[in-house]
1. Quick check on the stretch 77-90: of everything there that is surrounded by fewer than 20 Cβ atoms within 10 Å (Cβ to Cβ), in contact (Cβ under 8 Å) with a residue 12 or more places away in the chain and in contact with a strand residue (DSSP E or B) (Cβ under 8 Å, 6 or more places away or on another chain), which residue is farthest from residue 30 (Cα to Cα)?
2. Strands (runs of 3 or more DSSP E) wholly in the stretch 15-74 with at least 2 residues that are crowded, with 16+ Cβ neighbours inside 10 Å - which ones?
């Protein structure tokens, strides 16, 4: 139970990222080229996500499905999601890429906390 609460918090309010060699992704086409046919993984929580070109988010965390929708708005990835019966509120996030191996999402249009997802 404690692990599922921690995962919910990680999905809602990502944690600070340590790496600094990330470049902002401001274009929807560039973002899609990075995530197309790839999974975003946050292994600490067993979280895998697929961000699909049609605006859907699908995945799994701790054995429960993660679902959601996303749009690209003024250079930001805006999403709302659900996991294990909990809603994860709409938020627009700054996306930054580290080569083609990782993406960092920073909530509140880059003003909040960040999470780094590995691309597989």
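1. Among residues in the stretch 77-90 that are surrounded by fewer than 20 Cβ atoms within 10 Å (Cβ to Cβ), in contact (Cβ under 8 Å) with a residue 12 or more places away in the chain and in contact with a strand residue (DSSP E or B) (Cβ under 8 Å, 6 or more places away or on another chain), the one farthest from residue 30 (Cα to Cα) is 84.
2. Filter on the stretch 15-74 gives 40-42, 47-51, 56-61, 64-73.
Values quoted throughout were computed directly from the atomic coordinates according to the rules given, and no laboratory measurement underlies them. Not measured: the values here are computed from a predicted model. In this analysis, Cβ positions are derived from the backbone assuming ideal geometry, glycine residues included, and neighbour counts consider all displayed protein chains.
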